[in-house]
Amino acid sequence: MARVTPLLTSLISLITTYPSPQETLYDTPETLPTTEPATPQVRYTIGASNLPTLNISVASKKYSAIIYVGGKFTTAGTLYIRMKKNNSSLWTGSASVAANTFYTVNAYFYNISQGDLLEVALWSSVSDSNWDYKAIQCFITDVLLYSKSWKNCFKNVQYPAGTKKPVLTLGTPGEVGAALYHVFHLDIGIDTIETSGKTYDLIKSGLSYGIFRIRYGGSVGLNNAETKTHATYRPYYQNNYVPLEIKMRGLRLD
């Protein structure tokens, strides 16, 4: 019997819109304490205005955030960091900072939601270190179009070149390097995309990771932080390349 319905759906266009990062540079640096502060210096409550949006409804998605905190050490010492989410500790760590050197903490929070309180606490082994910069950018990742596995089968999937998010402007910003986003098929990473787009004949999204994952706060850096140091740059930051529009056609298996 001949098939009545078309084999492929009409074109699906998944468009993500990103808000600008929330960024602050203080005129007067604040000295870091030499013991952990009772209240973290950097606190963000995630609002709707922080979160990227999609043009269509999807079965599920996750959000991540990167919080950046920057300052300077006059004397060489150790920077201590704690990440918290909704008043619970996620991660603690430390980093060595040379004398007369700027530092930037890149704190990666995975699977956040509107209303979450995200915090970064800093303290130091020396009394002449400080902080004066903070920023946050939220990302969308692990996008699953349909709740049923058999519906998440797509033909001619066009992934665009990645777009850098965030682009920070305050202070003396410097980028650490390119961060690719990841293509998944059946929850297995099959490729990475940076500055050139790619088209795949067939992609079947797994139910865990969906049609793509960002790198930092997605495939890498789940609820932990890394500290970048530089003689000049503050913030010295890691961004993500993100897909702003993925085009595809659904494969009808019914």
Legend entry - In the stretch 120-141, the residues that are of a type outside the set (A, V, I, L, M) and either touching a Cys at 6+ places or on another chain (Cβ under 6 Å) or crowded, with 23+ Cβ neighbours inside 10 Å (or both): Ser124, Ser129, Trp131, Tyr133, Lys134, Gln137, Cys138, Phe139, Thr141
Inset, instruction - Could you identify the single residue in Leu186, Leu144, Leu253 that is in contact with a helix residue (DSSP H, G or I) (Cβ under 8 Å, 6 or more places away or on another chain) and more than 30 Å from Val105 (Cα to Cα)? - result: Leu253
Legend entry - Some residue of the stretch 189-210 being crowded, with 20+ Cβ neighbours inside 10 Å, at pLDDT 95 or above, of a type outside the set (A, V, I, L, M) and touching a Phe, Trp or Tyr at 6+ places or on another chain (Cβ under 6 Å): yes
Legend entry - the stretch 165-204, residues that are of a type in the set (A, V, I, L, M, F, W, C) and under 26 Å from Gln137 (Cβ atoms): Val167, Leu168, Leu170, Val176, Ala178, Ala179, Leu180, Val183, Phe184, Ile193
Inset, instruction - Specify the residue that is farthest from Ile188 (Cα to Cα); the eligible residues are those in the stretch 205-254 that are in a strand (DSSP E or B), over 14 Å from the mean Cα position of the chain (by Cα) and polar (S, T, N, Q). - result: Thr229
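Condition check ((1) touching a helix residue (DSSP H, G or I) at 6+ places or on another chain (Cβ under 7 Å); (2) small (Gly, Ala, Ser); (3) more than 20 Å from His230 (Cβ to Cβ); (4) touching a residue at least 24 places away in the same chain (Cβ under 8 Å)) across all residues:
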{"site": "Thr34", "(1), (2), (3), (4)": "no, no, yes, yes"}
{"site": "Ser57", "(1), (2), (3), (4)": "no, yes, yes, no"}
{"site": "Ser64", "(1), (2), (3), (4)": "no, yes, yes, yes"}
{"site": "Gln114", "(1), (2), (3), (4)": "yes, no, yes, yes"}
Inset, instruction - Could you please give the count of residues in the stretch 211-254 that are under 30 Å from Thr75 (Cβ atoms) and either of a type in the set (Asp, Glu) or surrounded by fewer than 16 Cβ atoms within 10 Å (Cβ to Cβ) (or both)? - result: 3
Inset, instruction - Mind telling me which of the residues Tyr44, Tyr80 ends up being in contact with a helix residue (DSSP H, G or I) (Cβ under 8 Å, 6 or more places away or on another chain) and of a type in the set (Phe, Trp, Tyr)? - result: Tyr44
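Could you identify the single residue in Leu90, Leu54 that is surrounded by fewer than 19 Cβ atoms within 10 Å (Cβ to Cβ) and closer than 22 Å to Asp142 by Cα?
Exactly one of Leu90, Leu54 is surrounded by fewer than 19 Cβ atoms within 10 Å (Cβ to Cβ) and closer than 22 Å to Asp142 by Cα, namely Leu54.
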Inset, instruction - Identify all residues within the stretch 61-82 that are in contact with a Pro (Cβ under 9 Å, 6 or more places away or on another chain) and of a type in the set (A, V, I, L, M); write none if there are none. - result: Ile66, Val69
Legend entry - All positions within the stretch 111-139 that are farther than 22 Å from Gly93 by Cβ and in contact with a Ser or Thr (Cβ under 6 Å, 6 or more places away or on another chain): none
Inset, instruction - Scan the stretch 99-115 for residues that are within 17 Å of Val176 (Cβ to Cβ) and over 22 Å from the mean Cα position of the chain (by Cα) and report the count. - result: 2
Legend entry - Qualifying residues in the stretch 165-192 (those that are outside any strand (DSSP E or B) and touching a Ser or Thr at 6+ places or on another chain (Cβ under 6 Å)) - the one nearest to Pro21 (Cα to Cα): Leu180
Inset, instruction - Residue by residue through the stretch 1-45, note down the ones that are at pLDDT below 95, exposed (fewer than 11 other Cβ atoms within 10 Å of the Cβ) and assigned to a strand (DSSP E or B). - result: Ser10
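The values are calculated or read from the model by the stated rules, or taken from the named source; none is laboratory data. This structure is a prediction, so every number in the text was calculated from the model and none was measured. So basically every Cβ, Gly included, is an ideal-geometry build from the backbone, and we count neighbours across all protein chains shown.
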